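K.L.:
Take a look at this one; I'll ask things after.
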Amino acid sequence: WHGKGVDIKEKNCFKLPHTLGGIYATFTEYLGFRANQEEGKVMGLASYGEYTQDLQDKMDQVISYDKNTGDYKVNPFMRFKGQRSYGQGFTDEFVTLFGPPKKRSEELTQYHKNVAFNLQWRVEQIVCLLVQNAIGEIGSNNVCLAGGVAMNCKMNGEIANLGEVNRLFVQPASADNGTALGAAYVMAMRNGVKSFNKMEHAYWGPEYTDESVKKAIREAKLEYRKSGTLEKEVARLLAQGKIIGWLQGRMEVGARALGARSILASPIYPDMREKLNMEVKHRENWRPFCPSLPADECSKYFDSEAINEFMIVACQIKSEFKDILPSAVHVDGSVRPQAVSKEANPKYYNLLKEFGEITGHPVLINTSFNIQGEPVVLSPQNALRCFGGTGIDVLVMNDYIIEK
């Protein structure tokens, strides 16, 4: 689509069965993960694989594309048209081409990692060509993304790096639920609204009063204290290697923890990623974690100008910081940073600054406040349950601190 002012016009359309998200879901199921839920695992796994011409030749039989425009076609006989003896999202013909699908209980092999890499590479090639072609046709260098495929932060980073792209905005509540925002904007325009405020934060969910927090803690029969210097005290705990559950203010909209319902930890400890994966999140040990840092410190750690407040665009960290912040850097040197502004989230911003005063680096691991397979916590009661059942050391809700 091309939007200018209050006018928006469709420029290109791909109709089913031609779907990038659908193909990614097919491979997600093939690799032993849950389709339409765990595509992020495939994206993370791709960094451990490598390009092979053999797999790209096989990809041609599943999803082919024009090397000039990016226009793509999905072969329906690989997804739905045919016998499906092994899964819901791929046919027996697909299995003949790629081999037996991975069972959830099986160990990942290098072949599985290579399949993930070559799928990710193919999708990046297609989308980057589509963007370049659209820019050439329309003349605008500003790109806006939404929808489930826009949750692929590695792909978003590749788009941001295109020479043709000046500005990239990725709507933080991408995926099917968040695309409804577009319908609301269109109806508002049709009913006379001529201008909109920029979406500068994602804190649109509910928040909880001090009284409701204290009531929940008392019901759980736990000891707690109120801090008069919260950010300083929590920064000290983080610097000591403590894992913090953090519930503050209005909840984020979308899939990313942005400092309102977060689990926080120091990225400086080399074993912190393993501790978080095994003791808290209960997920695969190769899964990466993402960092938050103050918006005014981003240029120190990254050359990219595409870093935003929504933790949805991946980029490379400067080489001198890879060994300093090992638990926040993926195996390929990439990170998915969140730039935190003082205006959007003053308490979280101040915490980052206080942590920087202690360690020299105002960077924290920030992952969603939940364990694998469960929703992000919403309420103090949710937070207490997650705190009690995991290796989180300290729970901080509003200005109240509970330690194990």
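K.L.:
Tell me which strands (runs of 3 or more DSSP E) are completely within segment 304-404 and hold 1 or more residues being under 22 Å from P172 (Cα atoms) and of a type in the set (A, V, I, L, M), or say none if there are none.
P.N.:
Correct list: 338-340, 364-368.
K.L.:
Let me ask you something else. I'm trying to understand the selection: among the residues of segment 209-242, which are of a type in the set (S, T, Y) and open to solvent by 60 Å² or more (accessible area, probe 1.4 Å)?
P.N.:
Selection gives T209, Y224, T229.
K.L.:
Determine which single condition P267 fails, assuming it passes every other condition in (1) open to solvent by less than 10 Å² (accessible area, probe 1.4 Å); (2) closer than 20 Å to L168 by Cα; (3) within 18 Å of the chain's Cα centre (by Cα); (4) of a type outside the set (K, R).
P.N.:
For P267, the failing item is (2).
K.L.:
Taking the conditions exactly as written (aliphatic (A, V, I, L, M), open to solvent by less than 20 Å² (accessible area, probe 1.4 Å) and either over 20 Å from the mean Cα position of the chain (by Cα) or modelled with pLDDT under 95 (or both)), does L364 satisfy them or not? Walk me through it before giving the result.
P.N.:
Details: aliphatic (A, V, I, L, M): yes; open to solvent by less than 20 Å² (accessible area, probe 1.4 Å): yes; either over 20 Å from the mean Cα position of the chain (by Cα) or modelled with pLDDT under 95 (or both): no.
Against the criterion (aliphatic (A, V, I, L, M), open to solvent by less than 20 Å² (accessible area, probe 1.4 Å) and either over 20 Å from the mean Cα position of the chain (by Cα) or modelled with pLDDT under 95 (or both)), L364 does not qualify.
K.L.:
Out of E284, E274, E279, report the one residue that is over 18 Å from E38 (Cβ atoms), in contact (Cβ under 8 Å) with a residue 60 or more places away in the chain and surrounded by fewer than 23 Cβ atoms within 10 Å (Cβ to Cβ).
P.N.:
E279
K.L.:
Condition first: open to solvent by less than 70 Å² (accessible area, probe 1.4 Å) and either assigned to a strand (DSSP E or B) or out of contact with any Asp or Glu (no Cβ under 6 Å at 6 or more places or on another chain) (or both). Now tell me which residues in segment 14-26 satisfy that.
P.N.:
Within segment 14-26, F14, P17, H18, T19, L20, G21, G22, I23, A25, T26 qualify.
K.L.:
Right, here's the next one. If I ask for residues that are open to solvent by 40 Å² or more (accessible area, probe 1.4 Å) and either within 17 Å of S292 (Cα to Cα) or not basic (K, R) (or both), which ones from segment 243-253 would you list?
P.N.:
V253
K.L.:
Using beta carbons and a limit of 9 Å, which pairs, at least six apart or on different chains, have the first residue in segment 1-18 and farther than 30 Å from F80 by Cα and the second one open to solvent by 70 Å² or more (accessible area, probe 1.4 Å) and hydrophobic (A, V, I, L, M, F, W, C)?
P.N.:
H2/I8; G3/C144; I8/W1; K9/W1
K.L.:
Working carefully through the options A175, A160, A216, A188, find the one that is modelled with pLDDT under 90 and hydrophobic (A, V, I, L, M, F, W, C).
P.N.:
Sole residue among the options that is modelled with pLDDT under 90 and hydrophobic (A, V, I, L, M, F, W, C): A175.
K.L.:
Any idea which of (1) crowded, with 19+ Cβ neighbours inside 10 Å; (2) touching a residue at least 60 places away in the same chain (Cβ under 8 Å) is the one F302 doesn't satisfy?
P.N.:
Failing condition for F302: (2).
K.L.:
Then there is this: Being out of contact with any helix residue (DSSP H, G or I) (no Cβ under 8 Å at 6 or more places or on another chain), part of a helix (DSSP H, G or I) and open to solvent by 10 Å² or more (accessible area, probe 1.4 Å): is that true of D296 here? Before you say what the answer is, go through the steps one by one.
P.N.:
On the way: out of contact with any helix residue (DSSP H, G or I) (no Cβ under 8 Å at 6 or more places or on another chain): yes; part of a helix (DSSP H, G or I): yes; open to solvent by 10 Å² or more (accessible area, probe 1.4 Å): yes.
Answer is yes for this residue.
K.L.:
Can you confirm whether segment 121-137 contains a residue that is free of Cβ contacts under 8 Å to residues at least 60 places away in the same chain, surrounded by fewer than 21 Cβ atoms within 10 Å (Cβ to Cβ) and more than 21 Å from Q171 (Cα to Cα)?
P.N.:
The answer is yes, given that some residue of segment 121-137 is free of Cβ contacts under 8 Å to residues at least 60 places away in the same chain, surrounded by fewer than 21 Cβ atoms within 10 Å (Cβ to Cβ) and more than 21 Å from Q171 (Cα to Cα).
Okay, residues lined up against (1) of a type in the set (S, T, Y); (2) under 30 Å from H2 (Cα atoms); (3) more than 23 Å from the chain's Cα centre (by Cα):
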| position | (1), (2), (3) |
| --- | --- |
| G178 | no, yes, no |
| G182 | no, yes, no |
| M187 | no, yes, yes |
| R190 | no, yes, yes |
| S195 | yes, yes, yes |
| K198 | no, yes, no |
| R225 | no, no, yes |
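K.L.:
Considering only segment 277-310, state which residues are under 21 Å from L378 (Cβ atoms) and in contact with a Phe, Trp or Tyr (Cβ under 8 Å, 6 or more places away or on another chain).
P.N.:
S292
K.L.:
Given the condition in contact (Cβ under 8 Å) with a residue 60 or more places away in the chain, under 24 Å from G157 (Cβ atoms) and either touching a His at 6+ places or on another chain (Cβ under 7 Å) or open to solvent by 30 Å² or more (accessible area, probe 1.4 Å) (or both), answer yes or no: does some residue in segment 91-109 qualify?
P.N.:
yes
K.L.:
Moving to a separate point now. In contact with a Cys (Cβ under 8 Å, 6 or more places away or on another chain), of a type outside the set (A, V, I, L, M) and either under 25 Å from K198 (Cβ atoms) or open to solvent by 10 Å² or more (accessible area, probe 1.4 Å) (or both): does that describe S341? So that I can check it myself, show each step before the final result.
P.N.:
Numbers: in contact with a Cys (Cβ under 8 Å, 6 or more places away or on another chain): no; of a type outside the set (A, V, I, L, M): yes; either under 25 Å from K198 (Cβ atoms) or open to solvent by 10 Å² or more (accessible area, probe 1.4 Å) (or both): yes.
It is false that S341 is in contact with a Cys (Cβ under 8 Å, 6 or more places away or on another chain), of a type outside the set (A, V, I, L, M) and either under 25 Å from K198 (Cβ atoms) or open to solvent by 10 Å² or more (accessible area, probe 1.4 Å) (or both).
K.L.:
Here's something else I'd like to know. For N156, all conditions in the list (1) in contact with a Gly (Cβ under 6 Å, 6 or more places away or on another chain); (2) closer than 25 Å to S304 by Cβ hold save one; what is the number of the exception?
P.N.:
Unmet condition: (1).
K.L.:
Residue under question is I307, and the condition is that it be touching a Cys at 6+ places or on another chain (Cβ under 6 Å) and open to solvent by less than 50 Å² (accessible area, probe 1.4 Å); does it hold?
P.N.:
yes
K.L.:
Which condition does M43 not pass, out of (1) over 25 Å from E284 (Cα atoms); (2) crowded, with 20+ Cβ neighbours inside 10 Å, if it passes all the others?
P.N.:
Every listed condition holds for M43 apart from (1).
K.L.:
Please go through (1) over 23 Å from the mean Cα position of the chain (by Cα); (2) open to solvent by less than 50 Å² (accessible area, probe 1.4 Å) for G388 and return the number of the only condition it doesn't satisfy.
P.N.:
Here G388 clears every test but (2).
K.L.:
May I ask you to list the residues in segment 154-208 that are among the hydrophobic types (A, V, I, L, M, F, W, C) and on the phi > 0 side of the Ramachandran plot?
P.N.:
A175
The values are calculated or read from the model by the stated rules, or taken from the named source; none is laboratory data. These numbers come from a predicted model, not from an experiment. Note that we place each Cβ from the backbone using ideal geometry, even for glycine, and neighbour counts take in every protein chain shown. For accessibility, only protein heavy atoms count, side chains too; no ligands or nucleic acids. Shrake-Rupley method; radii C 1.70, N 1.55, O 1.52, S 1.80 Å.
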